[in-house]
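Trainee: Quick one: the structure is below, questions incoming.
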Amino acid sequence: MIEVLLFSLAGILLLVGLIGCILPIIPGPSISFIGILVLEATKKVDFSSNFLLTLFVLAAVVTALDYIIPVWGTKRFGGTRSGVIGSTLGLIGGLFFFPPLGIIIGPFIGAVIGEMLQKDDLSKALRSGIGSFIGFLLGTGLKLIVSSVMIYYYFKEVFA
């Protein structure tokens, strides 16, 4: 009975972690890793310490990169501090006011508005917005990859 409960809880945590890869409020890879730890608590699964440490490091690095990559994308495409701040505010505003697409278009619109407030150059503002959007996609993609790897190991262990 306890085993079934642990398998179910691990599966739910991994699913929430996968959803969290897209929704910025939920730390996706971290929750997925907790799901793996719950799976490890069962009698059927015995992951090595090195494997668990590797997954922990991957989850931590991807979570940290998720905050760095959009800023890098914005700056790489010519954005300034105003564009970065606008992108962050756009992400938060988009999440609350225009779900679910707001998390995609919010950073773009925020970066463009931030750049337009700094300098009245629409071309540069649009490039900054595109950089923010590309950074968001890269960060989300990395989180999805790491959480998907953890889900793979869940299915491998539970249904093997």
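Trainee: Which numbered condition trips up ILE103, out of (1) without any contact (Cβ under 8 Å) to a residue 60 or more places away in the chain; (2) under 16 Å from the mean Cα position of the chain (by Cα)?
Mentor: (1)
Trainee: Right, here's the next one. State which residue is farthest from PHE133 (Cα to Cα) when the search covers only the range 46-78 and only residues that are among the polar types (S, T, N, Q) and touching a residue at least 60 places away in the same chain (Cβ under 8 Å). Write out each step before concluding.
Mentor: If we filter the range 46-78 for residues that are among the polar types (S, T, N, Q), which is where we start, we get 48-50, 54, 63, 74.
Adding the requirement that they be touching a residue at least 60 places away in the same chain (Cβ under 8 Å) leaves 63, 74.
Numbers: THR63: 17, THR74: 8 Å.
Among those that are among the polar types (S, T, N, Q) and touching a residue at least 60 places away in the same chain (Cβ under 8 Å), it is THR63.
Trainee: Let me spell it out: the conditions are (1) exposed (fewer than 15 other Cβ atoms within 10 Å of the Cβ); (2) touching a Cys at 6+ places or on another chain (Cβ under 7 Å), and GLY28 meets all of them except one. Which number is the exception?
Mentor: (1)
Trainee: From the list ILE69, ILE85, ILE22, ILE36, which one is aliphatic (A, V, I, L, M) and outside any helix (DSSP H, G or I)?
Mentor: Values: ILE69 fails: outside any helix (DSSP H, G or I); ILE85 fails: outside any helix (DSSP H, G or I); ILE36 fails: outside any helix (DSSP H, G or I).
None of the other options fit; the residue is ILE22.
Trainee: Go through GLY94, GLY102, GLY106, GLY114 for me and flag whichever is crowded, with 20+ Cβ neighbours inside 10 Å and either touching a Lys or Arg at 6+ places or on another chain (Cβ under 8 Å) or over 15 Å from GLY83 (Cβ atoms) (or both). Can you show your working first?
Mentor: Working: GLY102 fails: crowded, with 20+ Cβ neighbours inside 10 Å; GLY106 fails: either touching a Lys or Arg at 6+ places or on another chain (Cβ under 8 Å) or over 15 Å from GLY83 (Cβ atoms) (or both); GLY114 fails: either touching a Lys or Arg at 6+ places or on another chain (Cβ under 8 Å) or over 15 Å from GLY83 (Cβ atoms) (or both).
After ruling out the rest, the residue left standing is GLY94.
Trainee: If I ask for residues that are out of contact with any Cys (no Cβ under 8 Å at 6 or more places or on another chain), at pLDDT 90 or above, under 30 Å from ASP46 (Cβ atoms) and of a type in the set (Gly, Ala, Ser), which ones from the range 112-160 would you list?
Mentor: Correct list: SER148 only.
Trainee: Regarding GLY79, is this residue part of a helix (DSSP H, G or I), in contact with a helix residue (DSSP H, G or I) (Cβ under 7 Å, 6 or more places away or on another chain) and not hydrophobic (A, V, I, L, M, F, W, C)? Can you show your working first?
Mentor: Details: part of a helix (DSSP H, G or I): no; in contact with a helix residue (DSSP H, G or I) (Cβ under 7 Å, 6 or more places away or on another chain): yes; not hydrophobic (A, V, I, L, M, F, W, C): yes.
So GLY79 does not fit the description; no.
Trainee: Looking only at the range 10-21, count every residue that is within 11 Å of ILE34 (Cα to Cα) and surrounded by 16 or more Cβ atoms within 10 Å (Cβ to Cβ) and tell me the total.
Mentor: We begin by selecting, within the range 10-21, every residue within 11 Å of ILE34 (Cα to Cα); these are 10-14, 16-17.
From what is left, the residues that are surrounded by 16 or more Cβ atoms within 10 Å (Cβ to Cβ) are 10-11, 13-14, 16-17.
Adding up the residues that qualify gives 6.
Results for (1) under 22 Å from PRO99 (Cβ atoms); (2) modelled with pLDDT of 95 or more; (3) of a type in the set (A, V, I, L, M, F, W, C), shown as yes or no for each residue.
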| site | (1), (2), (3) |
| --- | --- |
| SER30 | yes, yes, no |
| GLY35 | no, yes, no |
| GLU40 | no, yes, no |
| ALA64 | no, no, yes |
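The values are calculated or read from the model by the stated rules, or taken from the named source; none is laboratory data. A quick note: this is a predicted structure, and the numbers were derived from the prediction, not measured. Neighbour counts run over all protein chains shown; Cβ positions are idealised from the backbone, glycine included.
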